[in-house]
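The values are calculated or read from the model by the stated rules, or taken from the named source; none is laboratory data. On a predicted model such as this, the values are computed, not experimentally measured, just so you know. Because the Cβ atoms are built from the backbone with ideal geometry, glycine has one as well, and the counts that use them run over all protein chains shown. SASA here: full protein model, heavy atoms, side chains in, ligands and nucleic acids out. Shrake-Rupley method; radii C 1.70, N 1.55, O 1.52, S 1.80 Å.
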Number of protein chains: 2
Amino acid sequence: MATQSSWEDTAKAKRESVLKLIPEKWRISNSIPPASELRDVTRYIQQYLSPREIEITELDTVSLAQRTTTGQWTAAEVAEAFCHRAALAHQLVSCLHEIFFDAALEDAKQLDAYFAEHKKPVGPLHGVPISLKDQFHVKGVETTMGYVSWIGTFQGQKGDPRRLVFESEMVKELRAVGAVLHCKTSVPTTLMCGETVNNIIGYTWNPKNRHLSSGGSSGGEGALIALRGSAGGFGTDIGGSVRIPAVFNGLYGIRPSAGRIPYEGAANSMDGQNSILSVIGPLATTAGSLKLLFHSVLSQKPWLHDPLAVELPWRDELEQEALSLIKNSAADQGQLAFGIMHSDDYVQPLPPVARALRIMKDAVQKLGHKLIEWKPPSHLEALKLARAIYTLDGGADAHYQFRVSGESFIPQLAPFFGDAPRPQKNAEQIAAINVAKRAYQKLYMDYWNSTAELTGTGRPVDGLFCPAAVFPAARPCKTGYINYTSFVNVLDYTSVIVPVTLANKAVDVVGADYTPLSELDKMIHDEYDPGIYDGAHVGLQLVGRRFQEEKMIALAGYVGEAVKSTQVPN
Amino acid sequence: MATQSSWEDTAKAKRESVLKLIPEKWRISNSIPPASELRDVTRYIQQYLSPREIEITELDTVSLAQRTTTGQWTAAEVAEAFCHRAALAHQLVSCLHEIFFDAALEDAKQLDAYFAEHKKPVGPLHGVPISLKDQFHVKGVETTMGYVSWIGTFQGQKGDPRRLVFESEMVKELRAVGAVLHCKTSVPTTLMCGETVNNIIGYTWNPKNRHLSSGGSSGGEGALIALRGSAGGFGTDIGGSVRIPAVFNGLYGIRPSAGRIPYEGAANSMDGQNSILSVIGPLATTAGSLKLLFHSVLSQKPWLHDPLAVELPWRDELEQEALSLIKNSAADQGQLAFGIMHSDDYVQPLPPVARALRIMKDAVQKLGHKLIEWKPPSHLEALKLARAIYTLDGGADAHYQFRVSGESFIPQLAPFFGDAPRPQKNAEQIAAINVAKRAYQKLYMDYWNSTAELTGTGRPVDGLFCPAAVFPAARPCKTGYINYTSFVNVLDYTSVIVPVTLANKAVDVVGADYTPLSELDKMIHDEYDPGIYDGAHVGLQLVGRRFQEEKMIALAGYVGEAVKSTQVPN
């Protein structure tokens, strides 16, 4: 009993210490209506903000940076507005692990002083408030990743001199380009979860529909950016953890190939598992913002500071190639070609997601492009590989972290890790999995190459449209099926989330012709309730080959604009 | 007894079947003098060749390609000359696992027909005979990697339909650029050895000094190219296996960073171990040849066919940058800066190698460049990491392969694998090793960056000179200490072997001031015998950062030319 109350006290003290960092003037004093009365708080939040604060915080990263890097707006005013809005967001949906508004405002003043003196910005993100998932170490604050046992430590190590001092490589690079860092966002304990819940801050709800999850594991990022509490942020993705929060929150988000964005010096779970590497990717409200964030990091040559980063600077030529394909097709001098995958042959997407695919299909066809039905190597095989890799250690790391503090296990983690550690894989078994994974990657690559025969463009498909999840956003404890995102991690491909529409209970009903493909498919469809999802964001993935970030961001922006103009649900 | 004679019979039958593929006219009928009477057979071989054959086979890859890609010389004549010389080489030092001269001559005729019809070459290696280590699958012949149990199988699998049909990605790409493939070269069983010995073809001796090893594990490549039995070839390197044979045989050879040259579809030992990846690299007689071979493979965009290949085409700008640094320094408008490491603080190089370092130091200083003493993070730490990674499976794969056929274990493998399998590492232990390796890589990277403070060029060092081995070439069973090469694999850096001089018993004696750094250092120096090494090749490594192949090949060619002009041993 002593131990249990002890971890609960520790978690509570931490939770309250974070809340206390919100200045009195920014505290919400009225009682917030429950989700049953008010699902969507993305507009509700505006009542606490001045028109000027709304103006500042509702720009995308690009438009904001245009103002802050030219001295049009001061970094201090912008930082203040975003800190205020982030504080509100946290009170509405519980999305922050660490708050450092004072440091942000101090940094912003120094940026303003720099601009005043040098008449130029520090870098392309000068004065832009950026949020970070709570895996990044930022001086002055902790990194807990939701583990009670990490409170007061550095990655669980008591007395480690790096505590409160060390900064992750990404943090250094963001500072070098002028970003203002003001908060770190919530994660599910262990990071291996499609929703965001832990024993420190509780549950991060979806701001657009508070019956639903904000996604995970970068759920705090998704919720915060959806509420415009930062101008963009960085999450991580080993099975969908950038893309699921992005799609659940109506954002753009990219899972780049491993090695482009530096992971060096960030905390992680199961660190050293290198069969599928977790990667860092930005989330933001527009595709252009993704480009700015991505490009800004690469401008710092991360490969000189992160031994796992690859020497691939931002390649204008790849982006230009994509843009000229778009331009040519607009002038009827060519076309793009995409694959479209409606189902992974195991669990079909729910009606809102199926409708998003139809919307995208229509939009892309109207633009004159070719769509081919995607008939890839078995995605179930990819799922098996991914699950085998995520559990190589039998859940040893995950269970260890819970055991240290005695905190209660998070039930959502059971599908991966069970209730207790299981036998670990040995070197030979891991090697065999790596060989099987490589064979699958080769098979998929050959399939992708083979589409050159079908597109009529002389090229294989330029990208693949598919669901990112079977649901628009998920209900708590129902995010376990991640096969629509994790196959991308197995392949190490590039994938961008494109927002498409909103769930609509009037049209998004299961059709009479629905036939389940599996027990799980049936269960998920049986549990489907159009009413609960009504109003939730629905988006898709646009998947490209490995290291095609420049191209895929450009294409995502293009098709994202195209579906935006779609008015009528079909 | 029955089993033992069975594997011996199988090995003998295989060995003889390969010898039988040498046409009668190319068999050496006189008895070859023993090494005690004739160390060096690199000139001896010429007696069996016509002046025209010598003219053809003694060009480097670049000069040869100039003649074959312009139609000046026919592919058929060139192939015939190299097949003849490869046949002789095998009879002199036992360096081939597979012979396919008939297929080579047939391919060459088709290339000639293509040229006659199209008035242009198939590609940049049109008509150039290239040898491959026996890990590459080539249609029509086996891949045994020296395992008796692999004879008559595909990678040990009986009845696998890929047998004699499947080709590795590299083989396809070499064919696509016009290379003529004529033989596959010998390897030590398991590949984890600095010399080349197996129960099928026996021992591959060093053609320059037949008391010594040709190195390993690409020892057959080293010996064959030293005897000019191919115009260049490809080996693999996980701990020094391209560089050791290159340096032992007076060749240039490069260990590129993982992901540049496609490994897809090649056989391997301990396949799926992905903490340190084995990489493919070319060996040849000049640095320019390395460039041609490297560039030719990249021209095929391997990243579209190998899921582990990185989208990094040959970058002219990196090479040009290096060349302009060279040009500027020649015009006294700048200088290059190199690190120089004389010892890894555990085993000092033997006198010939120490002298090679002095020769290089003098040459580089005469050219006006800066040299700084290399004081890196502990190389012993790198050795520990490398050894831990090479033995993650406790030798399970190695011992399994021997057990299948019952063939006798190769004693040279005992340092890695012991006499029997040992306990394997589990997922958590492997992850911890990966984390420690990444931390070491980061430490080394930071050290490299820090040299910008010392070079006076504003840049960190442009490269690092260090031994590739403590000995010039090694005596059998004495190649175990690989720390001078394996640290590069831990770091995934680029390293090029530069030939420097020949061992000279008159000057290469242990000085009176020699002080051992360790028991092993003492043992190696006690065993040193200047007489045995006399005449052996001595070279060095020029190490560069990750993915710097274009730059490092250019610099290697530059310093290689500089030391060539050095006449007096110092």
TODO: Can you tell me the dipole magnitude for chain A around its Cα centre, using point charges on the Cβ only (Lys, Arg +1; Asp, Glu -1), in Debye to the nearest 20?
DONE: 180 debye
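Assuming R0 = 25 Å, what is the FRET efficiency of A:TYR203 and B:VAL435, from their Cβ-Cβ distance, to the nearest 0.05? List each step's numbers first, then the result.
On the way: r = 31 Å, r/R0 = 1.24.
Computed FRET efficiency for A:TYR203 and B:VAL435: 0.20.
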Open item on the list: Whole percent per 10 Å bin, from 0 to the bin with the longest distance: what is P(r) over all C-alpha pairs of chain B?
Closed with: 4, 18, 30, 28, 15, 4, 0, 0
Open item on the list: Using the basic label-point model (7 angstrom from Cα toward the beta carbon), what is the A:GLU317 to B:GLU561 distance in nanometres?
Closed with: 2.7 nm
Task: Derived scalar couplings ³J(HN,Hα) [region A:45-55; Karplus, 6.51 cos²θ - 1.76 cosθ + 1.60; whole Hz; x for Gly, Pro] - done: 4, 5, 4, 8, 10, 7, x, 5, 5, 5, 4
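Given an 8 Å cut-off on Cα distances and at least 6 residues of separation, report the relative contact order of chain B as a percent.
16 percent
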TODO: Express as a percent, rounded to the nearest 5, the fraction of DSSP beta bridges in the protein assembly as shown (both residues included) that run antiparallel.
DONE: 70 percent
Open item on the list: At R0 = 45 Å, how high is the FRET efficiency between B:ARG459 and A:ARG422 if r is their beta carbon distance? Nearest 0.05 is fine.
Closed with: 0.35
Open item on the list: Could you tell me which residue out of B:HIS537, B:SER257, B:VAL177 lies farthest along the dipole of chain B toward its positive end? Charges go on the beta carbon: Lys and Arg +1, Asp and Glu -1, centred on the Cα centre.
Closed with: B:VAL177
Open item on the list: On the Cα set of region B:1-63, report Rg and Dmax in Å, please.
Closed with: 17.3, 54
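Can you work out the FRET efficiency for the pair B:ARG43 and B:GLN365, with r the C-beta to C-beta distance and R0 = 25 Å, to the nearest 0.05? List each step's numbers first, then the result.
Numbers: r = 34 Å, r/R0 = 1.34.
With a Förster radius of 25 Å, E is 0.15.
Could you work out the local net charge near A:ILE200, counting Lys and Arg as +1, Asp and Glu as -1, over the other residues with Cβ closer than 11 Å to its Cβ?
Charge balance in the 11 Å sphere: -3.
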Task: Stretchable slack from A:SER378 to A:SER6, in nm (0.36 nm times residue separation minus alpha-carbon distance) - done: 129.1 nm
TODO: Would you compute the Debye intensity of region B:91-166 from its alpha-carbon atoms alone, equal scatterers and no solvent, and pass along log10 I(q)/I(0) at q = 0.25 Å⁻¹ to two decimals?
DONE: -1.13
TODO: At 10 °C and 1.306 mPa s, grab the translational diffusion coefficient of the protein assembly as shown from Stokes-Einstein with a Kirkwood Rh over Cα pairs, rounded to a whole number in µm² per second.
DONE: 50 µm²/s
- [ ] Determine the calculated [θ] at 222 nm for chain A from helices alone, applying -39500 (n - 2.57) to every DSSP H run no shorter than 4 residues and normalising by the residue count; nearest 500 deg cm²/dmol.
- [x] -12000 deg cm²/dmol
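In region A:295-392, what is the volume of the convex hull around the alpha carbon atoms, normalised per residue and reported in Å³?
175 Å³
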TODO: Collect residues whose amide H, placed 1.01 Å from N in the peptide plane, falls under 5 Å from the amide H of A:HIS97; neighbours closer than 5 in sequence don't count.
DONE: A:LYS184, A:THR185, A:SER186
Task: Estimated D of region B:353-404 in µm² per second, where Rh is the Kirkwood radius over Cα pairs and Stokes-Einstein applies at 25 °C, 0.890 mPa s - done: 165 µm²/s
Task: Residues with amide H under 5 Å from that of A:PHE338, placed H, sequence gap 5 or more - done: A:LYS370, A:LEU371, A:ILE372, A:ASP462
TODO: Work out the length of the dipole vector of the protein assembly as shown about its Cα centre, built from +1 on the beta-carbon of each Lys and Arg and -1 on the beta-carbon of each Asp and Glu, and round it to the nearest 20 debye.
DONE: 320 debye
Open item on the list: Rolling a 1.4 angstrom probe over the protein chains, ignoring ligands and nucleic acids, what is the accessible area of A:CYS193 in square angstrom, nearest 10?
Closed with: 10 Å²
- [ ] Normalise the Cα radius of gyration of region A:328-564 by 2.2 N^0.38 Å (N = residues in it) and let me know the number.
- [x] 1.11
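Given region A:328-564, what percent of its DSSP beta bridges are antiparallel, to the nearest 5?
Taking every DSSP beta bridge with both residues in region A:328-564, the antiparallel ones total about 60 percent.
Give the percent of DSSP beta bridges with both residues in chain A that are antiparallel, rounded to the nearest 5.
70 percent
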Task: Across B:LYS327/B:LYS564; A:LYS120/A:LYS172; B:LYS366/B:LYS564; A:LYS437/B:LYS14; B:LYS384/B:LYS522, pairs whose alpha-carbon gap is larger than 23 Å - done: A:LYS437/B:LYS14
Task: For A:GLU264, distant residues with modelled amide H under 5 Å away - done: none
TODO: Let me see the pair-distance distribution of region B:229-342: every alpha carbon pair, 5 Å bin width, integer percents in order.
DONE: 2, 10, 16, 19, 19, 16, 10, 5, 2, 1, 0
Open item on the list: Counting only protein heavy atoms, probe 1.4 Å: which residues of region A:262-311 lose 20 Å² or more of accessible surface in the full assembly compared with their chain by itself?
Closed with: A:GLU264, A:ASP271, A:GLY272, A:ASN274, A:LEU304, A:HIS305, A:PRO307, A:LEU308, A:VAL310, A:GLU311
- [ ] Arrange the residues A:TYR203, B:TYR533, B:TYR514 by how much accessible surface each exposes, largest first, with a 1.4 angstrom probe.
- [x] B:TYR514, A:TYR203, B:TYR533
Open item on the list: Under the 0.36 nm per residue contour assumption, what length would be gained going from the current alpha-carbon distance of B:LYS139 and B:ASN30 to full extension?
Closed with: 35.9 nm
Open item on the list: How big is the dipole moment of region A:27-83 about its Cα centre under a simple scheme where the beta carbon of each Lys and Arg is +1, that of each Asp and Glu is -1, and everything else is neutral? Debye, nearest 20, please.
Closed with: 80 debye
